[in-house]
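The structure appears right after this line, and notes come after that.
The values are calculated or read from the model by the stated rules, or taken from the named source; none is laboratory data. What you see is a predicted model, and the numbers here were worked out from it, not measured in a lab. All Cβ positions, glycine included, derive from the backbone under ideal geometry; neighbour counts span all protein chains shown. Accessible surface is based on the protein model in full, side chains and every heavy atom, while ligands, DNA and RNA are left aside. Shrake-Rupley method; radii C 1.70, N 1.55, O 1.52, S 1.80 Å.
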Amino acid sequence: MATDPTQVTVGIHDLTFATTSLCLTHEELARHTGAPVAKYHHGIGQTAMSIPTEDEDIVTMAADAATPIIERHGGGRIRTILFATETGIDQSKAAGIYVHSLLGLPPHIRVVELKQACYGATAALQLACALVRCDPAQQVLVLASDIARYDVDSPGEATQGAAAAAMLITAAPDLVELHTPSGLFTRDGMDFWRPNYRTTALVDGKASSDAYLTAVDGAWHDYQTRGGLPFEKLRTVCYHQPFTRMAHKAHRRLQQAASITAPLHTTDDAIGPTTTYNQVIGNSYTASMYLALTSLLDSDTDLGGDSIGFFSYGSGSVAEFFTGTITPRYRAHLRTEAHRAHIARRQPIDYDTYRHLHTYSLPTDGTPHEVTRQTQGRYRLSGIRHHQRQYRTAQS
Ligand code: CAA
């Protein structure tokens, strides 16, 4: 008998992330921009940003993030890999195929790449849930991996960062059961974009913040219209965090939209636990909201049985508000120590090294190029040959 998709509980069974091997602190950045460091620490809520070595990219980070998931659960039930990114490395081939190969997964898997700015991973998550509802025996690996890069000396520079999140989407998940409905909002705008010929994003900072907040209203109202949970039922909300102060602004805006005049928790109490990782990693575009969730789950707060909200925003723009319930058993399945160790192992770099890495690029004329081993991660980009990127394990 066919499964009734509405009766299947689906969601995030496992969740982990990886970031780069280097970081630039905002103290070091402030010494060169002349901005008061308080603007960075308190004004935008950032203290450091992850910077990739020459042999790290979206593939190496995503493979690094996904490896512990495959080690714990195996890859035999995965039928789909969805790779969300706005830092694509090829106009044709999906970055997830390199990850599939590095992880040694079986061939009977579909692999595709998705793009809609920072929203892409949420589209991937919803597609994954739909696939699992249709066939609860299948699992979907969702990867979100990005390197946020703006021009030096631009306002966006202080919000750079890099990370990958990996999620295993299954029936009867161990971490978060995801609900329907979703609230959706799309509006054509040019708040942030990156034409194919540029390595850095173009952005209208003020307009992008306004567009984000307009999308909070739009997605929330659609969510309510479709019978979503009232705001009071939500323990907190994981927001897309281009910089962590944005999540505080968004939460205040959501409370206004929901006509909440006396919230149960202060904004700092509600949002603080979701910002721990993004504060020191910076913007990771598609991965950002899922790092907020990881940070929340890894915090001391016991969330078992609580419902939480998610607000995903991708410039251009598309947004989605949805909710989930944290399972009573989630704590037994976390990877808190590994996440903290991953961040702690990053090596701080000085401003000159940062500037060198910011301008570094691979040759585009087909000449063979070797990249020396620098990463502390499991995988590295070892070079480029005949216009083909070469990946290998970091030890080889
Ligand atoms: N002490 C404490 N706070 C200070 C301070 C000081 N000494 N100096 C300034 N501040 C505060 C300001 O008051 C301001 O706070 P409010 O926003 O609450 O008013 C905050 O620090 C930032 O100051 P500015 O507005 O002067 O900063 P800026 O113009 O130089 O840059 C920015 C801010 C426009 C957001 C810039 O970082 C940027 O362009 N970022 C990239 C775009 C972005 O992240 N947009 C977010 C929405 S788009 C999105 O979400 C998609 C995505 O991932 C990109």
For GLY183, are the conditions met, namely being away from the ligand (no atom under 16 Å from the Cβ), open to solvent by less than 50 Å² (accessible area, probe 1.4 Å) and closer than 26 Å to ALA270 by Cβ?
yes
Can you name the number of the only condition in (1) within 30 Å of HIS100 (Cβ to Cβ); (2) open to solvent by 60 Å² or more (accessible area, probe 1.4 Å) that ASP153 fails?
(1)
Report whether or not GLU56 is more than 16 Å from the ligand (Cβ to nearest atom), among the acidic types (Asp, Glu) and surrounded by fewer than 23 Cβ atoms within 10 Å (Cβ to Cβ).
no
Is it true that ALA292 is open to solvent by 40 Å² or more (accessible area, probe 1.4 Å), in contact with a Ser or Thr (Cβ under 8 Å, 6 or more places away or on another chain) and either among the hydrophobic types (A, V, I, L, M, F, W, C) or under 30 Å from ALA38 (Cβ atoms) (or both)?
no
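This table checks each residue for (1) closer than 25 Å to TYR150 by Cα; (2) surrounded by 13 or more Cβ atoms within 10 Å (Cβ to Cβ); (3) modelled with pLDDT under 95.
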site: THR327; (1), (2), (3): no, yes, no
site: ARG335; (1), (2), (3): no, yes, no
site: ILE343; (1), (2), (3): yes, yes, no
site: THR353; (1), (2), (3): yes, yes, no
site: LEU357; (1), (2), (3): yes, yes, no
site: GLY366; (1), (2), (3): no, no, yes
site: GLN374; (1), (2), (3): yes, yes, no
site: ARG378; (1), (2), (3): no, yes, no
Any chance region 1-11 includes a residue that's crowded, with 18+ Cβ neighbours inside 10 Å and out of contact with any Cys (no Cβ under 9 Å at 6 or more places or on another chain)?
no
Against the definition (farther than 24 Å from ILE343 by Cα, within 16 Å of the ligand (Cβ to nearest atom) and open to solvent by 20 Å² or more (accessible area, probe 1.4 Å)), how does THR33 come out, yes or no?
yes
Within region 192-210, restricting to residues that are in contact with a Phe, Trp or Tyr (Cβ under 8 Å, 6 or more places away or on another chain) and outside any strand (DSSP E or B), the one that is nearest to THR225 (Cα to Cα) is SER208
Taking region 186-228 and keeping only residues that are more than 11 Å from the ligand (Cβ to nearest atom), surrounded by fewer than 14 Cβ atoms within 10 Å (Cβ to Cβ) and farther than 20 Å from GLY120 by Cβ, one is left with TYR197, THR225, ARG226, GLY227
Is one or more of the residues making up region 237-245 open to solvent by 10 Å² or more (accessible area, probe 1.4 Å) and aliphatic (A, V, I, L, M)?
no
Would you confirm, using the coordinates I've provided, whether GLN390 is out of contact with any strand residue (DSSP E or B) (no Cβ under 6 Å at 6 or more places or on another chain) and more than 30 Å from GLU177 (Cβ to Cβ)?
no
Criterion (touching a Ser or Thr at 6+ places or on another chain (Cβ under 9 Å) and either at negative phi or modelled with pLDDT of 95 or more (or both)) met by exactly one of THR225, THR236
THR236
